[in-house]
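The values are calculated or read from the model by the stated rules, or taken from the named source; none is laboratory data. Quick caveat: nothing in here was measured; it's all calculated off a predicted structure. Reconstructed Cβ throughout: ideal geometry from the backbone, glycine too, with neighbour counts over all protein chains shown.
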Amino acid sequence: MCADKVDPLDAIIVGSGVSGVLIAKALGRAGKKVLILEAGEKLPPDINGYMNRFLTATAKVPESPYPPEIFTDSKLTDPATVNAGRPTVLSLGHWYKFGDARDPKQAYLIQKGTLPFASTYERINGGSARHWLGTSLRFIPADFEMKSRYNRFTDWPIKYNDLERWYGLAEKEIGVAADVEDQNYLGIHFSSQYPMPKIPLSRVDMAVAKGMTTLKVPGIGLDSTEWKVSSTPAARNSQPYQDRRVCAGNTNCIPICPIQAKYDPSVTLADALRTGNVTVWNRSVASQLVVDEAGRVSGVDFIEYADDQGPIVRRGRITAKVFILAGNAIETPRLLLMSKNERTPNGVANRRDGEGVVGKFLMDHPLYLGWALMPQPVWGYRGPLSTAGIEVCRDGDFRRDRGAFRIEIGNEGWNFATLDPDTTTLDLVNGLNHGGLNSDPPRALFGAALVKELNDKLSRQFRIGFLVEQSPEATNTVTLAEHATDGLGLPRPQIDYNLSDYTKQGMAAAKTTASAIFKNLGATEFTQPADKDDPCSFEWPSDQGQTTRIKYFGAGHIIGTHRMGTSANDSVVDDMQRSWDHENLYLVGSGTFPTSATANPTLTIAALCLRTADHIVRRVLN
Amino acid sequence: MIDFTRRKVLGVAGGTVVGEVSPTGTIERAAADDASDLNLFVKISAALTGIGEKRLAPDVDPIQVKHDYFNQAKSDPGFEPLMQIARAAPDANSAAEKIMNNADPQIKFLGRSIILAWYLGVWYEPTVLAQVPAPFPVNPMKVVSPVAYTQGWVWRVAQAHPMGYSEQRFGYWSDEPLSLDDFIKNPVKP
């Protein structure tokens, strides 16, 4: 058992991602003693090691800079051998091939549903937002009122106005660049200014914006929409901020900003450590919560390991007044469900009568991607990965019938779409046509001819991505796998996931909108339908009485599995993210969102966590 | 995966065999052949890639990625036949024509590997490129070195920069880039 002496702790936080570190910093600054249990490796003194991993990675996926190793001997590392494993997008490949999502030897998540859950995460200092894009949009008022307005799903137990002040504080805390004048659409209002002016638009944005005044997209409930391109608020320095540099347009926000001009939670982790009141135990995985006879959480068991696939070095149990689980909406329910005993037969925070919803209502933003060639150069591969989007389509009466979406304009050419520029380069040099730009018949070029052709094609590439609202379904679940464990012997998360008709209808509307946007711009669309053995795809009726195969990506947004609500009857936490069942337990992060809305979740996560931290400091720990 | 040290990242001895640092600190040249072969390799690479020779291997070159590609290519069986064509040809462009249209696949596909190395910083084995149908994605392949990625020419042909390696200032993306010639043609000395 644990031989270390720790000072009596005010709070133990599981996870050093964005939720955990914002709360740790707030508590630490208020003089509270905090211990963070982080499953992954410790905060390095600089990002050089992660940058070097990225530079040498052959597959520059979001997780490529960060341990644990994705590959072992040219195959995906067997998750059963990894102590603090996590999913990789490389395990979402075609059935029976490299990266088979249903092969437990390749995929960390045990995918049992109709469709694979396509988002991934990190277990490391700073968490998954190490590789977020930086998009910092507020939810709109309607997002909190889906039941009242559209008779769908549920309302949140709070409204936009309850969170407005915290949005402003979150924008200052992480450093968001935007102008209020661009952002007060669809009912959004501001009581504060953004700390930094907006990031300038790219040439791609400007080209897309030119087509907005004449755009019409009929048949999907957006007939009277006045289309426009909006600058995207981003946690990306447009001025020096928090001793961090101004953005230099490295076009690499995902997976890693070489100069930390993009905020990532390691910044707040460092701040938290500097308060002198916060300690982190790294490579320490929380394995079980213990509850006393009064129903309070009395301790958390942890397992400490030596390196990614190495031995266990310590087991222990530690206690504090308050416990905060900040491990993302898959790992947090996993921990809760692993904590089964007499007092908590269904796991912690999950009621005793079998009616609890921990692990249920798993959501993502399924992402529809369309890509095209502009008639004139727009020069992608420049600037931040995204600087603008189209937001006016995020709300309307159509939300009774189909998922809404927001549109993200990409600045990275066809990198996301086809793994360009590598794919087209390989095509043009080796006479292939995997990217679609070297057909009829494929040519093999070199010298000046190669330069000319590549320049012409790459400079005209662009893509748009649609983040579609996913409906909360009790059948989309995180549970514990019965026959798959990680390197510590703990059961891995099992996922049962599907897209409802409501959500698929939203994806289909996205597809229609993408084609309309391209056509209106005079761009040539190159979006490929998915092939039939792509597991992240589904058939959908197309216009001419046929069907088409639509591909979805995960947006990296893991939502809903410990939802907030107005009572213990149908939710896991209250609007302070506090468990109904255990008064000293908080479950924080986008797992508390009862609906997914269309905005990237991180700013809302931050606002909720600052609000929760304030509550804990002023009302719980004083 | 390549194991590398901070020394290599700083551009010193990035897999090169051309020179070794002696205890006194002077660089000893390997066989003179190697040095002239390296120069010829760069000339041919310029013709193969369409990128100016002084861009591939500038006079002031702290990075010296040419060594990485030269050594990689040198280890291939098609290298000597390819270099013979290069030595015999009247100029680099006609050498490139003969290499890229060669009946011998060892030579032709090595030419393609060399182009891809300069463009992408990644080595695609000629034998893999030669497969019919050519596999996609190509596996295994390797990033030649961390600096090779940052020196990839495809990004400059796109009038951009390698993702993760901008050498520009805030806001540049609102302006048009410099012309393609500015990126790839030999710089004009004043």
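For residues that are more than 16 Å from A:Q528 (Cβ to Cβ), of a type in the set (V, I, T) and without any contact (Cβ under 8 Å) to a residue 60 or more places away in the chain, scanning just region A:406-461, find the one that is surrounded by the most Cβ atoms within 10 Å (Cβ to Cβ). The extreme case among them is A:V429.
Within region A:346-375, being farther than 27 Å from A:Q111 by Cβ and in the same structural domain as A:E122 (by TED's automatic domain parsing) holds for A:R352, A:D353. Of note, A:T425 satisfies the criterion of being hydroxyl-bearing (S, T, Y) and within 14 Å of chain B (Cβ to nearest Cβ).
Residue-by-condition table, conditions (1) away from chain B (no Cβ under 14 Å); (2) in contact with a His (Cβ under 9 Å, 6 or more places away or on another chain):
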site	(1), (2)
A:P240	no, no
A:C247	no, no
A:P255	no, yes
A:Q260	no, no
A:T268	yes, no
A:V278	yes, no
A:W281	yes, no
A:V291	yes, yes
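Only residues that are under 27 Å from B:S75 (Cα atoms), part of a loop (DSSP other than H, G, I, E, B) and at the interface with another protein chain (Cβ under 7 Å from one of its Cβ atoms) were counted in region B:139-164, giving 2. Can you find even one residue in region A:285-308 that is within 30 Å of A:A523 (Cβ to Cβ) and of a type in the set (D, E)? Taking every residue of region A:285-308 in turn, none turns out to be within 30 Å of A:A523 (Cβ to Cβ) and of a type in the set (D, E). Out of B:A117, B:A96, B:A103, one residue alone is crowded, with 20+ Cβ neighbours inside 10 Å and either at the interface with another protein chain (Cβ under 7 Å from one of its Cβ atoms) or outside any helix (DSSP H, G or I) (or both). It is B:A96. Would a scan of region B:170-188 turn up a residue that is hydrophobic (A, V, I, L, M, F, W, C), over 30 Å from A:I256 (Cα atoms) and more than 10 Å from chain A (Cβ to nearest Cβ)? Within region B:170-188, one or more residues are hydrophobic (A, V, I, L, M, F, W, C), over 30 Å from A:I256 (Cα atoms) and more than 10 Å from chain A (Cβ to nearest Cβ). Of everything listed in (1) within 22 Å of B:P162 (Cα to Cα); (2) more than 9 Å from chain B (Cβ to nearest Cβ), the single unmet condition for A:R406 is (1).
Take the conditions (1) among the hydroxyl-bearing types (S, T, Y); (2) more than 20 Å from A:V468 (Cα to Cα); (3) more than 9 Å from chain B (Cβ to nearest Cβ); A:S386 misses just one of them, which is (2). The number of residues in region A:480-512 that are of a type in the set (S, T, Y) and either in contact with a Gly (Cβ under 7 Å, 6 or more places away or on another chain) or assigned to a helix (DSSP H, G or I) (or both) comes to 4. Condition first: in a loop (DSSP other than H, G, I, E, B) and touching a helix residue (DSSP H, G or I) at 6+ places or on another chain (Cβ under 7 Å). Now tell me which residues in region A:16-31 satisfy that. Of everything in region A:16-31, those that are in a loop (DSSP other than H, G, I, E, B) and touching a helix residue (DSSP H, G or I) at 6+ places or on another chain (Cβ under 7 Å) turn out to be A:S16, A:G17, A:A30.
Among the residues of region A:46-56, is there at least one that is more than 14 Å from every other protein chain (Cβ to nearest Cβ), in contact with a helix residue (DSSP H, G or I) (Cβ under 8 Å, 6 or more places away or on another chain) and either buried (at least 22 other Cβ atoms within 10 Å of the Cβ) or of a type in the set (A, V, I, L, M) (or both)? No, region A:46-56 contains no residue that is more than 14 Å from every other protein chain (Cβ to nearest Cβ), in contact with a helix residue (DSSP H, G or I) (Cβ under 8 Å, 6 or more places away or on another chain) and either buried (at least 22 other Cβ atoms within 10 Å of the Cβ) or of a type in the set (A, V, I, L, M) (or both). Selection of region A:44-70 for residues being among the β-branched types (V, I, T) and under 20 Å from A:Y121 (Cβ atoms) yields A:I47, A:V61, A:I70. Annotation: A:D264 fulfils all but one of (1) touching a His at 6+ places or on another chain (Cβ under 9 Å); (2) within 12 Å of chain B (Cβ to nearest Cβ); the unmet one is (2). Each residue in region A:450-470 was checked for being in a helix (DSSP H, G or I) and either at the interface with chain B (Cβ under 9 Å from one of its Cβ atoms) or touching a strand residue (DSSP E or B) at 6+ places or on another chain (Cβ under 8 Å) (or both), and 7 pass. Confirm whether A:R402 is basic (K, R), farther than 25 Å from A:I558 by Cα, modelled with pLDDT of 95 or more and not assigned by TED's automatic domain parsing to the domain that holds A:A613. Taking the combined requirement at face value, the residue does not satisfy it. Here B:E167 meets each of (1) at the interface with another protein chain (Cβ under 7 Å from one of its Cβ atoms); (2) outside any helix (DSSP H, G or I) with one exception, condition (1).
Residues in region A:429-449 that are among the aliphatic types (A, V, I, L, M) and more than 7 Å from chain B (Cβ to nearest Cβ): A:L437, A:A444, A:L445, A:A449.
Just checking, how many residues over region A:297-318 are loosely packed, with under 15 Cβ neighbours inside 10 Å and not in a strand (DSSP E or B)? Residues flagged as loosely packed, with under 15 Cβ neighbours inside 10 Å and not in a strand (DSSP E or B) within region A:297-318 amount to 4.
If you go through region B:98-148 and keep only what is within 18 Å of the chain's Cα centre (by Cα) and of a type in the set (D, E, K, R), you end up with B:K108, B:R112, B:E125, B:K142. Filtering region A:107-122 to residues that are over 18 Å from A:I559 (Cβ atoms) and assigned to a loop (DSSP other than H, G, I, E, B) leaves A:A107, A:Y108, A:K112, A:T114.
Across region A:209-235, the qualifying residues are those that are closer than 20 Å to A:K519 by Cβ and within 14 Å of chain B (Cβ to nearest Cβ), and the one among them that is farthest from the chain's Cα centre (by Cα) is A:A209. Restricted to region A:517-622, the set of strands (runs of 3 or more DSSP E) holding at least 2 residues that are in contact with a Pro (Cβ under 6 Å, 6 or more places away or on another chain) and at pLDDT 95 or above is empty.
Here region B:67-126 is the region considered, the condition is being out of contact with any strand residue (DSSP E or B) (no Cβ under 9 Å at 6 or more places or on another chain) and aromatic (F, W, Y), and the residue that is farthest from B:K142 (Cα to Cα) is B:F79. Number of residues in region A:147-163 that are assigned to a helix (DSSP H, G or I) and more than 22 Å from the chain's Cα centre (by Cα): the value is 6. Of all residues in region A:32-44, those being part of a loop (DSSP other than H, G, I, E, B) and within 25 Å of the chain's Cα centre (by Cα) number 7. Taken over region A:172-229, the residue count meeting the criterion of being among the polar types (S, T, N, Q), surrounded by fewer than 18 Cβ atoms within 10 Å (Cβ to Cβ) and closer than 30 Å to A:D271 by Cα is 3. Could you list, in sequence order, all residues of region A:565-597 that are among the aliphatic types (A, V, I, L, M), within 27 Å of A:D395 (Cα to Cα) and surrounded by fewer than 23 Cβ atoms within 10 Å (Cβ to Cβ)? Passing the criteria: only A:M576.
Go through B:P90, B:P81 for me and flag whichever is over 26 Å from A:I259 (Cα atoms), in a loop (DSSP other than H, G, I, E, B) and more than 9 Å from chain A (Cβ to nearest Cβ). Among B:P90, B:P81, only B:P90 is over 26 Å from A:I259 (Cα atoms), in a loop (DSSP other than H, G, I, E, B) and more than 9 Å from chain A (Cβ to nearest Cβ).
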